[in-house]
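Undergrad: Below is the structure I would like to discuss, written out as structure tokens.
The values are calculated or read from the model by the stated rules, or taken from the named source; none is laboratory data. Keep in mind that what you see is a predicted model, and the values were worked out from it rather than measured. So basically every Cβ, Gly included, is an ideal-geometry build from the backbone, and we count neighbours across all protein chains shown.
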Amino acid sequence: MSQVETDQVDTDQVETPARSAEPVRDRLRGAVPPRVAAMLVGALLLQLGFVLSYVGAFHNPQPHRIPIAVAAPQRMAPDAAEKLNGIPGQPLKATATDEATARERLRTGEISGALIVKPGSRTDTLLVAGSGGASTATALETVIEKAEKAQSRTASVVDAFPAQAGDARGLSSFYLVVGWTVGGYLFAALLGMSLGARPATARGAGRRLLAAVPYAVLSGLGGAAIVGPLLGALNGHFLALSAIGALVVFGAAAMTIAFQVLFGVLGIGVTILLFVVLGNPSAGGAYGPELLPPFWRALSPALPNGAATHAVRHTMYFSGHGITVNLAVLTAYALGGALVSVLAAALIRRRRAAAAA
């Protein structure tokens, strides 16, 4: 054996105990920097939050206070509505009215169903609006059938306002909104990757917001063209749909930029938490808000996903009735995200300048 080989063996024999004595924690710290470790932990929490949110929202849908009108002779209507409201668990929110008013309220999307009681027959008529969401209509049918059976009656179900032929189960509105929100925060995330996660100045944040405007307009037009002329899923109201889409995309981009200003690269994780983990399951897509647990049901109108899904459905099928609050919510996120982006960037720059001085 050569002298060099002997020296190498001796060195290995000396260094091995030292390595083995090195704490495992220090080795891991050297392999994974603390910042990267924190990001990995955040990714794990987002993953688990995703599972918790989606399974928690969808694993056991139960109807809760689905709005329905009861049309019957004046002497019978209040009692019939009271019996429906007295069903254990409160699956329905019934109000007594006449048939013409019930049909009009169903046409505008104010209610999800109308029960037309026929005193001289054992068979009543349940009018539903499948365009408002097949899951809600199906749940309403199930509840009414059980209630009618308990009184030795039956209900003939009529879908008075069905979804368009290409809009299976009324889900196209939801998936269109998902595409718009994903496009909005991907736009801002890609800008962050190329220009830096956190804009250095208020002017830099403003430039990103300005760049988001034409992107949002094109996204709104493109989405409306795909679901309408191209696929025939949601036909009509092209300009209104495009405007809603532009507002949704700009709002998602503005909120993402705001989170990046506040939290740097971690802002992407906050965006995913808002739009994907919480927003999608509460939006009223697979199951209407009336079928979701209380937490997700309360989130639905307050988050952009739910507000936009409701706005698109009611624009397409209910002549735009009841979307004023939805548009106000979407506008608040768009303007709020823009203001936070610019003001927070200016404040952070000022603090840095003061610290440097």
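Undergrad: If residue 110 satisfies every condition in (1) surrounded by fewer than 18 Cβ atoms within 10 Å (Cβ to Cβ); (2) in the same structural domain as residue 265 (by TED's automatic domain parsing); (3) within 18 Å of residue 322 (Cβ to Cβ) but one, which is the exception?
TA: Evaluating residue 110 over (1) surrounded by fewer than 18 Cβ atoms within 10 Å (Cβ to Cβ); (2) in the same structural domain as residue 265 (by TED's automatic domain parsing); (3) within 18 Å of residue 322 (Cβ to Cβ) leaves (2) as the failure.
Undergrad: Out of all the residues in the stretch 47-74, which are of a type in the set (S, T, N, Q) and within 15 Å of the chain's Cα centre (by Cα)? Give the derivation first.
TA: Keep residues of the stretch 47-74 that are of a type in the set (S, T, N, Q), which gives 47, 53, 60, 62, 74.
Scanning the stretch 47-74 gives a single hit, 53.
Undergrad: I've got another one for you. Suppose the filter is farther than 12 Å from residue 66 by Cβ and either out of contact with any strand residue (DSSP E or B) (no Cβ under 9 Å at 6 or more places or on another chain) or of a type outside the set (Ser, Thr, Tyr) (or both); does residue 150 pass it? Explain how you work it out, then say what you get.
TA: Numbers: farther than 12 Å from residue 66 by Cβ: yes; either out of contact with any strand residue (DSSP E or B) (no Cβ under 9 Å at 6 or more places or on another chain) or of a type outside the set (Ser, Thr, Tyr) (or both): yes.
The answer is yes for residue 150.
Undergrad: Testing residue 115 on (1) closer than 30 Å to residue 342 by Cα; (2) outside any helix (DSSP H, G or I); (3) aliphatic (A, V, I, L, M), one condition comes back false. Which one is that?
TA: (1)
Undergrad: Which of (1) touching a strand residue (DSSP E or B) at 6+ places or on another chain (Cβ under 8 Å); (2) at pLDDT 95 or above; (3) among the small types (Gly, Ala, Ser) is the odd one out, the single condition residue 155 does not satisfy?
TA: (2)
Undergrad: Checking residue 128 against (1) among the β-branched types (Val, Ile, Thr); (2) surrounded by fewer than 18 Cβ atoms within 10 Å (Cβ to Cβ); (3) within 30 Å of residue 320 (Cβ to Cβ), which test does it fail?
TA: Answer for residue 128: the failing condition is (2).
Undergrad: OK, next. So which residues in the stretch 92-124 are among the hydroxyl-bearing types (Ser, Thr, Tyr) and either in contact (Cβ under 8 Å) with a residue 60 or more places away in the chain or farther than 23 Å from residue 314 by Cβ (or both)? First the steps, then the outcome.
TA: As a first pass, look at the stretch 92-124 and keep what is among the hydroxyl-bearing types (Ser, Thr, Tyr): 95, 97, 101, 108, 112, 121, 123.
Within the stretch 92-124, 108, 112, 121, 123 qualify.
Undergrad: Being closer than 20 Å to residue 313 by Cα and among the basic types (Lys, Arg) narrows it down to one residue among 207, 153, 169; which is it?
TA: Result of the check over 207, 153, 169: 169.
Undergrad: Cβ-Cβ under 6 Å, sequence separation 6+ or interchain: first residue in the stretch 52-69 and touching a residue at least 12 places away in the same chain (Cβ under 8 Å), partner of a type in the set (Lys, Arg). Which pairs?
TA: 65/93; 67/93; 69/105
Undergrad: From the list 265, 227, exactly one residue is surrounded by 24 or more Cβ atoms within 10 Å (Cβ to Cβ) and either touching a residue at least 40 places away in the same chain (Cβ under 8 Å) or not charged (D, E, K, R) (or both). Which is it? Spell out how you get there, then give the answer.
TA: On the way: 265 fails: surrounded by 24 or more Cβ atoms within 10 Å (Cβ to Cβ).
It is 227.
Undergrad: Restricting attention to the stretch 137-159, which residues are among the small types (Gly, Ala, Ser) and either over 31 Å from the mean Cα position of the chain (by Cα) or assigned by TED's automatic domain parsing to the domain that holds residue 312 (or both)?
TA: Quick first cut of the stretch 137-159, residues among the small types (Gly, Ala, Ser) only: 137, 139, 147, 150, 152, 155-156.
Residues satisfying the conditions are 147, 150, 152, 155, 156.
Undergrad: I need every pair where a residue in the stretch 314-338 that is in the same structural domain as residue 174 (by TED's automatic domain parsing) and free of Cβ contacts under 8 Å to residues at least 24 places away in the same chain has its Cβ under 6 Å from the Cβ of a residue that is assigned to a helix (DSSP H, G or I) and small (Gly, Ala, Ser), sequence separation at least 6 or different chains.
TA: Listed by first residue and then by second, the contacts come to 323/311.
Undergrad: Which residues, taken from the stretch 235-294, are closer than 15 Å to residue 185 by Cβ and of a type in the set (Ser, Thr, Tyr)?
TA: Once the filter is applied, which keeps residues that are closer than 15 Å to residue 185 by Cβ and of a type in the set (Ser, Thr, Tyr), the stretch 235-294 yields 256, 271.
Undergrad: Let me ask something else. Check every one of the helices (runs of 4 or more DSSP H) wholly within the stretch 244-357 and list those with 3 or more residues that are at pLDDT below 95 and within 19 Å of the chain's Cα centre (by Cα). Can you show your working first?
TA: Working: elements: 267-272, 294-299, 304-317, 324-356.
The helices (runs of 4 or more DSSP H) meeting that bar are 267-272.
Undergrad: Any residue that is buried (at least 20 other Cβ atoms within 10 Å of the Cβ), in contact with a Gly (Cβ under 7 Å, 6 or more places away or on another chain) and within 27 Å of residue 311 (Cα to Cα) - is there at least one of those in the stretch 137-147?
TA: Among the residues of the stretch 137-147, at least one is buried (at least 20 other Cβ atoms within 10 Å of the Cβ), in contact with a Gly (Cβ under 7 Å, 6 or more places away or on another chain) and within 27 Å of residue 311 (Cα to Cα), which makes the answer yes.
Undergrad: Something else about it: For residue 172, state whether it is within 19 Å of residue 304 (Cβ to Cβ), in contact (Cβ under 8 Å) with a residue 60 or more places away in the chain and touching a Leu at 6+ places or on another chain (Cβ under 7 Å).
TA: yes
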